[in-house]
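Read-outs throughout are calculated quantities, based only on the coordinates presented, and are distinct from any laboratory measurement. Values in this document were obtained by computation on a predicted structure and should not be read as measured data. Neighbour counts run over all protein chains shown; Cβ positions are idealised from the backbone, glycine included.
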Amino acid sequence: MRYITGGIALGSALILGSLVGAGATASASPAPAPAAQQSLYAPSALVLTVGQGDKAASAGVQRAVTLNCMPKASGTHPDARGACDQLRSVNGNFADITKVKSGTACTKEWNPFVVTAEGVWEGQRVKYEHTFANPCEMKASKGTVFEF
């Protein structure tokens with residue numbers, strides 16, 4: 001009888017041990033991550049800069065802001081809604097925003113300013129750089145997007 005009792009005790013110990021081990025394993029594993037929230041809109045988040053110099057790589061950045069346009073206009077841009085509206089009106093084509101308007105009277109001095117936009121516009125990677133010959137040209141054509 002002693003032999004059977006020992007066998008039962010050993011079997012019980014093995015079963016309990018496996019249950020405790022399984023419980024420890026189950027509680028030690030992380031809970032499944034919740035499904036990532038899907039947005040109905042493609043992301044639009046940009047960093048915009050204005051600097052003095054002829055190229056972004058060597059220009060001294062004077063001002064920088066963030067601009068988020070989806071799902072709503074936000075960021076550190078002082079007129080985020082206006083900037084997002086202007087970008088939407090040109091389908092995100094920054095070259096259309098930075099064109100010097102015809103009839104603009106500026107001196108021919110070379111005092112370059114560079115503007116940049118980097119990030120994502122409607123789900124597409126964006127990296128844009130434009131150099132204005134002088135502050136007069138920049139003021140005449142930077143639009144709401146680079147007005148900060």
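Across every pair of non-identical alpha carbons in region 43-131, the mean reciprocal distance, once inverted, gives a Kirkwood radius of 13.9 Å.
Say the cut-off is 18 Å between C-alpha atoms; which of Lys72/Lys99; Lys108/Lys139; Lys72/Lys139; Lys72/Lys127; Lys55/Lys101; Lys72/Lys142 go over it? Write out the running numbers ahead of the final one.
Values: Lys72/Lys99 27 Å; Lys108/Lys139 14 Å; Lys72/Lys139 27 Å; Lys72/Lys127 22 Å; Lys55/Lys101 22 Å; Lys72/Lys142 22 Å.
Those over the limit are Lys72/Lys99; Lys72/Lys139; Lys72/Lys127; Lys55/Lys101; Lys72/Lys142.
Ranked by the mean number of other Cβ atoms within 10 Å of their residues, highest first, the peptides 95-105, 69-79 come out as 69-79, 95-105. Global size of region 89-148: 12.3, 39 Å for Rg and Dmax (C-alpha atoms, Rg to one decimal, Dmax whole). Among the chymotrypsin sites (Phe, Trp or Tyr not before Pro) found in region 58-145, those both in a DSSP coil and sparsely packed, with 11 or fewer other Cβ atoms within 10 Å of their Cβ, are Trp110.
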